[in-house]
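Following: one structure in structure tokens, then a few remarks.
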Amino acid sequence: MTAVALGVAVVLGGCVTQPTGGTTGSPTPTRSTRSTPSTPSTPAATATLPLPGPQTNPVSRNSLQTGGDLTLAVSQLVDDWNPWNVSPFALPDALDAMLPRLFIRAADGTLAWDATWLASEPAVTYGRRTDLPTPPSPSSPSSPASPSGTRATPPPSGPMTVVYNLAAAAVWSDGTPLTAADFRATWAACAADPGPGCADRGFAQITGVSEGQTPQQVIVDYDSPYPDWANTFARGPLRDGTITADRWVSPSAHAGAYSGPFRFASLIGNTLTLQRNPLWWGNPPLLDRLKFTVIEDLSLAYLTHTIDGFWTTDPNLASQLSQVAGQGQRRGPGADGRYLAFNCSSGPLADTAVRQAVAATLDRGALAASDLAGWAWTGPPLNSPLWLTGQPEFTNLAAGKAADAAALLDAAGWLAGTDGVRTRSGTTLAWDFVVPTGDALAENEALGLRVQLAAIGIRLNLKYADAPELADALVDGGMTATTWHHTTALAAAEKYVTGNPLGYSSAAVDDLARRAAAAPDAATQTALLATLAETVWRDAPVIPLYDVPDTLLIRTTLANYGPDGLGTTLWENVGWTR
């Protein structure tokens, strides 16, 4: 599931922590990019596939029709088909259906290895390896009921080896088998000159990739345990010999660079068509074709069945069209969070107490309700800077931690003036909220926040700028708003270390991030990241607002597609009910 996000993902950071006493965008993107989001450190011990979320209309593929097309309207077509230039955490649907996947994510982000691509569960061992597991024989079942064995308990230090046994039938779209050479080429390219396709995947932790007893056995070596190892090749490798930074205007000249249940068929005018991949070895795709088209009059196209559905951010349009017989609205959490971000390096917000006072007085529920006015959406505030609400590692950091904003400002020396605005040593407690020109959402948040902050003696000014980057937005301003696309918690933690665009600096956060990256096991890493999240929450370089919901208008008979949190779309299982 993917669509073109209107919001821009940003690198989050923070502010200089004082002793006590830009990117912006819509949080409800028109989807043409779909994330492959945050990864738990230890995948499931079997290949049992996680169930899709309830907003996908989950139906067993055995109960669905074989055949038919799915036509989706998108705001723009794919303009670069090179996987190196696209984050695997934000793949357009067309690329998502054409690229490998070694692991499948459930809606909450938990992982299970994919028996379509892997002949057995990846084997993880610790210490200097002396031999390799025997690859499964061609007759060995490749099913959810066939795990390869029990995972060893990782030691606190020492080398780590992960062995992948690829499915013998797994081939690229030109018929060439996937091999260890593809994994080695991907690691070498990402280690030497990381492109967007490498980001947040941990390639720097790898010390070597080699071929095992067969070309389909892949050995990945690490100097020390790396709990997040499954994330690195969750979306598989790139094709050896095709890895460049060039823009590919069409996939037709690069057929061997893809591998999935669908392949490119045509691009005619404003319509892109994928068709079943005849070399696909997994469950046969139920649909004959996937079509993506750019259409101006969505209402007419939807009502006349010229299109089957589209992702939308327009509540009025969604309300009108979802009332039509046979048409429905699917709405649920996505992989984005909405945040307020502060300039922590200069001005009043360099004072931790001021940021804490803003966090204490802020009615995040009111801001969310105003942002999402018109939608039937009442999700709770987002209460973690690292995890989305539905993830198993999520902890509600706001529980039982209410503070008195006025008392914080009084203690910091910011005293109420005759006009109601606080001052300290002749300086007025005021700053700019930078609103990207044309960003109605950020403007709405700024107006609502201005009223809330006035109640505790803070004056907020609105300053408009032409869609600046996050760091640029805060150079002359005090704060802005942003939509943050979640990848992994470890990557999110790194974005708060010293040197980030917001100027936040904390020795404790730096140390916790370093230790989490070097943690020997998932439990230790999660515990360190949880402490880091608590520290960031307390220091308030950003204030999380809410989990961003996604909305799909679609014919009600389509199954296994829709808002699925952090989940993976199994394109071969998308189809029409009988």
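For segment 483-546, the spread of Cα positions along the three principal axes, ordered from largest to smallest, is 30, 25, 18 Å. With unit charges on the beta carbon (Lys/Arg positive, Asp/Glu negative), name the residue among Ser250, Tyr222, Thr179 whose Cα is farthest towards the positive pole of the charge dipole of segment 162-264. Highest projection toward the positive end goes to Ser250. Our coupling estimate for segment 87-102, obtained by passing each phi through the Karplus curve with A = 6.51, B = -1.76, C = 1.60 and θ = phi - 60°, is 5, x, 8, 8, 7, x, 3, 4, 6, 4, 6, 10, 10, x, 8, 9 Hz, Gly and Pro reported as x. Only Cα sites of segment 260-325 enter the Debye sum here, all with the same form factor; the resulting log10 I(q)/I(0) across q = 0.14, 0.18, 0.24, 0.25 1/Å is -0.56, -0.78, -1.00, -1.04, listed in q order.
The modelled label-to-label distance between Leu303 and Ser63, using points 7 Å beyond Cα along the C-beta direction, is 3.3 nm.
Output the antiparallel fraction of DSSP beta bridges having both residues in segment 334-549, as a percent to the nearest 5. Please report the intermediate quantities before stating the final value.
Working: 17 of 25 bridges.
Expressed as a percentage, antiparallel bridges in segment 334-549 total about 70.
Kirkwood hydrodynamic radius of segment 334-549, from the reciprocal of the average inverse Cα-Cα distance over all distinct pairs: 17.8 Å. Between the beta carbons of Ala188 and Asp511, assuming R0 = 25 Å, the FRET efficiency works out to 0.20 to the nearest 0.05.
Note on segment 317-389 and segment 436-458: Cα centroid distance 13 Å, given to the nearest whole angstrom. Spacing of the modelled spin labels on Ala411 and Arg459, each 7 Å from Cα toward Cβ, amounts to 2.7 nm. Here the Karplus curve 6.51 cos²θ - 1.76 cosθ + 1.60, taken at θ = phi - 60°, turns the phi angles of segment 197-209 into couplings of x, 9, 4, 6, 10, x, 5, 5, 7, 7, 10, x, 10 Hz, with x standing for Gly and Pro. Grouping the Cα pair distances of segment 409-517 into 10 Å bins from zero gives a pair-distance distribution of 13, 31, 33, 20, 2, 0 percent in increasing distance order.
Residue separation times 0.36 nm, minus the C-alpha to C-alpha distance between Thr418 and Ala373: what's the value?
Values: separation 45, 0.36 × 45 = 16.20 nm, distance 3.61 nm.
Result for the pair: 12.6 nm of gain on full extension.
Backbone amide hydrogens, once placed in the peptide plane, bring Trp248 within less than 5 Å of Trp81, Asn82, excluding anything fewer than 5 places away on its chain.
Computed from backbone phi with θ = phi - 60° and the Karplus coefficients 6.51, -1.76 and 1.60, the 3J(HN,Hα) list for segment 555-564 is 4, 5, 7, 7, 10, 6, 8, x, x, 9 Hz; x is used for glycine and proline.
Rounded to the nearest 20, the Cβ-based charge dipole of segment 191-330 about its Cα centre (Lys and Arg +1, Asp and Glu -1) stands at 460 debye. Dipole magnitude for segment 334-549: computed about the Cα centre from +1 point charges on Lys and Arg Cβ and -1 point charges on Asp and Glu Cβ, it is near 400 debye. Here's how it looks for Leu545: its modeled amide H is under 5 Å from those of Arg338, Tyr339, Leu340, Leu382, which are all 5 or more places away or on a different chain.
Expressed in nm to one decimal, what extension gain is obtained for the pair Ser210 and Asp466 from 0.36 nm per residue of sequence separation less their Cα-Cα distance?
Once the chain is fully extended between Ser210 and Asp466, it gains 87.4 nm.
Rounded, prolate or oblate: which fits segment 375-447, taking a ≥ b ≥ c as square roots of the Cα gyration tensor eigenvalues, rounded meaning a/c under 1.5, else prolate when a/b beats b/c? Provide the component values of the computation, followed by the final result.
Values: a/c = 2.85, a/b = 1.46, b/c = 1.96.
Judged from the Cα gyration tensor, segment 375-447 comes out oblate (a/c at least 1.5, b/c at or above a/b).
Per 0.36 nm of contour for each residue apart, how much would the distance between Ala325 and Thr395 grow if the chain were fully extended, relative to their Cα-Cα spacing?
On the way: separation 70, 0.36 × 70 = 25.20 nm, distance 4.09 nm.
Once the chain is fully extended between Ala325 and Thr395, it gains 21.1 nm.
Over segment 334-549, what is the relative contact order in percent, taking alpha-carbon pairs closer than 8 angstrom and at least six residues apart?
After rounding, I find 37 percent.
Normalising by residue count, segment 237-380 has a Cα convex hull of 242 Å³ per residue.
Database remark: amide H of Gly334 closer than 5 angstrom to the amide H of Val548, Asp550 (H placed geometrically; neighbours at sequence offset of 5 or more, or on other chains; Pro and chain starts carry no H).
Taking all Cα-Cα distances within segment 517-578, those exceeding 19 Å account for 61%.
We did not get these values from a lab; they are worked out from the coordinates using the rules stated. These figures come from a predicted structure and were not determined experimentally. Heads up, the Cβs are rebuilt from the backbone with ideal geometry, glycines too, and the neighbour counts pull from every protein chain shown.
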